[in-house]
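*Asks:* I am attaching a structure below and will ask some questions about it afterwards.
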Amino acid sequence: MSATLDSFEIGKLYSNEEIYRSLSVGNAGGVRTKTDQSGKVERLVMMTSVPSARQSSENPYHDRLEGDILIYTGAGREGDQTVSGPNARIVEQANTPFAIYGFILMGSRRDPKFSKKRWAFLGLLEYLRCYRERQLDANGEWRNAWLFELRVHSGISSLKKADDNRIMADVLANRRPDVDQEREVIIPAASDESANSTVDYALLESVRRHLLSYEPRQFEHFLHDLLVQSGFQQVEVTKYSQDGGIDVNARPGQRSWPISHLLVQLQAKRWLHTVGRKEVAELRGSLQPHAAGCIVTTSHYSRAALTEAVAPGKVPISLIDGYELASLVNSLQMKLA
């Protein structure tokens, strides 16, 4: 029997038994809870895995770790998803400061180098948002899916179990005042598709789904080709390690002669998670003087991001979401690799 642990170290590997015994949660499932006698959540554990290249290609909606954001997709690859059971308890952290532990699977049980300890501790997770998204399931059928986004806090190298809820309370107390706008995700009419709609959102989603399977650098070069196809000139992808937050530079070209001199600077976000206010503000700070800025993402934007993009007295930032991007790709009849 595994020993009960009093603390967890970031990046260290643990066995499933060590996790569930030490944190007093269930021994199976992606989301596991510890509740008190009244049913109130005291602690929550999330178990996830990073997809292989093959898995990403077959299912680009797979759980992902993008920077310090964990995207957790509801269970089931076929049919509509619902938010119920342990998954529904995640959102309760917005009002109750309980700790959420994140663990990520590092290898197969058949791999001898891992033995039973295959789960790496990511850190404490902060619930950011949950929203419904229209996706294509494993059979190519149009369905409703639910996505959860959580921020990984890994600044404490060793977390004592006795301190977890206090630390989480401090994190939640320091949230920005626009937290409600950051939680609101703006998704176009695909989620409210009607029989009279002239837009084939299933077709657009098939394009977005394909782009989600791209590697980030591949996505940048795709945007280069899209700009060229759109009539832009002097289009260049910046050097990967020296881009300063700018991924592609371009100029409108002679067909847009009144602004042909204008420098357009793009930031590419081949993301599954939502682009927020922070990313918009950071791009604005990276622009060259008098340049126009644009973020292009395969995902969506928060209400706070849209507000920041057109904030009075600031340089406006153009925002292109996954559906707008897919529409451009279709209208220009771009080929996807």
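The values are calculated or read from the model by the stated rules, or taken from the named source; none is laboratory data. Not measured: the values here are computed from a predicted model. Because the Cβ atoms are built from the backbone with ideal geometry, glycine has one as well, and the counts that use them run over all protein chains shown. The protein model used for the area step is the full one, side chains on, heavy atoms only, and it has no ligands, DNA or RNA in it. Shrake-Rupley method; radii C 1.70, N 1.55, O 1.52, S 1.80 Å.
*Asks:* Filter the stretch 236-265 for residues that are in a loop (DSSP other than H, G, I, E, B) and open to solvent by 50 Å² or more (accessible area, probe 1.4 Å); which is farthest from residue 214 (Cα to Cα)? Please lay out each step first, then the result.
*Replies:* If we filter the stretch 236-265 for residues that are in a loop (DSSP other than H, G, I, E, B), which is where we start, we get 238-247, 252-253, 260-263.
Remaining after also requiring open to solvent by 50 Å² or more (accessible area, probe 1.4 Å): 239-242, 244, 261.
Values: 239: 18, 240: 16, 241: 19, 242: 21, 244: 22, 261: 32 Å.
Among residues in the stretch 236-265 that are in a loop (DSSP other than H, G, I, E, B) and open to solvent by 50 Å² or more (accessible area, probe 1.4 Å), the one farthest from residue 214 (Cα to Cα) is 261.
*Asks:* Go through the stretch 306-323 residue by residue and tally those that are in contact (Cβ under 8 Å) with a residue 40 or more places away in the chain and either in a helix (DSSP H, G or I) or loosely packed, with under 13 Cβ neighbours inside 10 Å (or both).
*Replies:* 4
*Asks:* Of all residues in the stretch 204-232, which are under 15 Å from residue 326 (Cα atoms) and among the aliphatic types (A, V, I, L, M)?
*Replies:* Residues satisfying the conditions are 204, 207, 211, 212, 223, 226, 227.
*Asks:* I need the full set of residues from the stretch 271-295 which are open to solvent by 30 Å² or more (accessible area, probe 1.4 Å), of a type in the set (Ser, Thr, Tyr) and under 27 Å from residue 148 (Cα atoms), in order please.
*Replies:* Within the stretch 271-295, no residue meets the criteria.
*Asks:* Which numbered condition in (1) over 23 Å from residue 65 (Cα atoms); (2) open to solvent by 10 Å² or more (accessible area, probe 1.4 Å); (3) of a type in the set (A, V, I, L, M) is the only one that residue 268 fails?
*Replies:* Residue 268 satisfies all of (1) over 23 Å from residue 65 (Cα atoms); (2) open to solvent by 10 Å² or more (accessible area, probe 1.4 Å); (3) of a type in the set (A, V, I, L, M) except (1).
*Asks:* Still on this model: Looking only at the stretch 155-171, filter to residues that are surrounded by 15 or more Cβ atoms within 10 Å (Cβ to Cβ) and touching a Phe, Trp or Tyr at 6+ places or on another chain (Cβ under 9 Å); which one of those is nearest to residue 275 (Cα to Cα)?
*Replies:* So, considering only residues that are surrounded by 15 or more Cβ atoms within 10 Å (Cβ to Cβ) and touching a Phe, Trp or Tyr at 6+ places or on another chain (Cβ under 9 Å), the one nearest to residue 275 (Cα to Cα) is 168.
*Asks:* Mind telling me which of the residues 124, 147 ends up being farther than 23 Å from residue 299 by Cβ, crowded, with 17+ Cβ neighbours inside 10 Å and either modelled with pLDDT of 95 or more or not aromatic (Phe, Trp, Tyr) (or both)?
*Replies:* Criteria check complete, one pass: 124.
*Asks:* From the list 17, 66, 9, which one is in contact with a His (Cβ under 9 Å, 6 or more places away or on another chain) and among the acidic types (Asp, Glu)?
*Replies:* Step by step, each of 17, 66, 9 is checked, and only 66 is in contact with a His (Cβ under 9 Å, 6 or more places away or on another chain) and among the acidic types (Asp, Glu).
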